[in-house]
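The values are calculated or read from the model by the stated rules, or taken from the named source; none is laboratory data. From a predicted model like this one, the values you see are computed outputs, not experimental measurements. Glycine also receives a Cβ, built like all others from the backbone with ideal geometry; neighbour counts cover every protein chain displayed. Note: areas computed on protein heavy atoms with side chains; ligands, DNA, RNA excluded. Shrake-Rupley method; radii C 1.70, N 1.55, O 1.52, S 1.80 Å.
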Amino acid sequence: DRARSLASYDDVVHSESAELPIPAVVILKNYARLGRRRPAFSFPTKRNVLIRDGFMCAYCETSLTMGSGTKDHVIPRARGGKDVLDNVVAACKQCNGLKADKSPGEVGLTLKWQPRMLTDEEKIEVITKTHKSFERSAWMTCLKKMDLSLF
């Protein structure tokens with residue numbers, strides 16, 4: 001009784017004496033906050049940055065994949081730049097290597113857009129791109145039905 005299931009998959013789990021539906025989306029009835037933490041979507045992970053930047057290099061607008069894309073600190077960390085979404089963009093390996101630990105202007109690169117936090121739509125995309133289609137469907141249905149937003 002610690003959680004409530006909002007949606008279940010068609011499959012079931014069998015035990016010796018019971019058959020239970022597999023929950024797809026659950027809500028905890030009680031939540032113990034364990035100190036202050038940064039919201040999950042504020043981290044400049046490669047996935048977050050690539051999704052926000054549309055899988056395109058912020059310098060040359062080359063199309064990127066998870067394998068070919070990198071994240072680049074606009075103000076390099078070696079020069080005091082922070083590891084936050086407002087300072088990180090998606091970049092191809094060539095542009096990232098050319099820029100190295102310099103500012104974009106010092107090597108003749110210009111940003112096509114400014115780094116920023118994720119929008120609500122991008123937060124949902126981050127979640128849905130990491131799950132299988134039937135899981136995405138269950139989550140999206142529950143989010144819409146309960147009129148929930150992500151942070």
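So, restricting to helices (runs of 4 or more DSSP H) that lie completely within region 58-151, which ones have at least 2 residues that are at pLDDT 95 or above and more than 15 Å from SER42 (Cα to Cα)?
Details: elements: 93-99, 120-128, 133-145.
Once the helices (runs of 4 or more DSSP H) in region 58-151 are filtered for at least 2 residues that are at pLDDT 95 or above and more than 15 Å from SER42 (Cα to Cα), what remains is 93-99.
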Practice task
Could you check VAL107 against (1) among the β-branched types (Val, Ile, Thr); (2) exposed (fewer than 14 other Cβ atoms within 10 Å of the Cβ); (3) under 12 Å from ILE51 (Cα atoms) and say which number it fails?
Solution key: (3)
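Would you mind stating whether ASP83 is more than 21 Å from THR128 (Cα to Cα) and touching a His at 6+ places or on another chain (Cβ under 9 Å)?
yes
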Problem - Residues (in contact (Cβ under 8 Å) with a residue 24 or more places away in the chain and charged (D, E, K, R)) located in region 80-98 - result: ASP83, ASP86, LYS93
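Per-residue answers, yes or no, for (1) over 21 Å from GLU125 (Cα atoms); (2) assigned to a strand (DSSP E or B):
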{"position": "ASP1", "(1), (2)": "yes, no"}
{"position": "LEU6", "(1), (2)": "no, yes"}
{"position": "VAL13", "(1), (2)": "yes, yes"}
{"position": "PRO21", "(1), (2)": "yes, yes"}
{"position": "VAL25", "(1), (2)": "no, yes"}
{"position": "TYR31", "(1), (2)": "yes, no"}
Practice task
Of the numbered conditions (1) open to solvent by 60 Å² or more (accessible area, probe 1.4 Å); (2) modelled with pLDDT of 95 or more; (3) of a type in the set (D, E, K, R), ARG37 fails exactly one; give the number of that condition.
Solution key: (2)
Handout entry: For MET146: the one exception among (1) touching a residue at least 24 places away in the same chain (Cβ under 8 Å); (2) open to solvent by 60 Å² or more (accessible area, probe 1.4 Å); (3) over 30 Å from ALA24 (Cα atoms)
Key = (3)
Handout entry: Selection from region 1-23 of residues that are modelled with pLDDT of 90 or more, open to solvent by less than 100 Å² (accessible area, probe 1.4 Å) and among the small types (Gly, Ala, Ser)
Key = SER15, ALA18
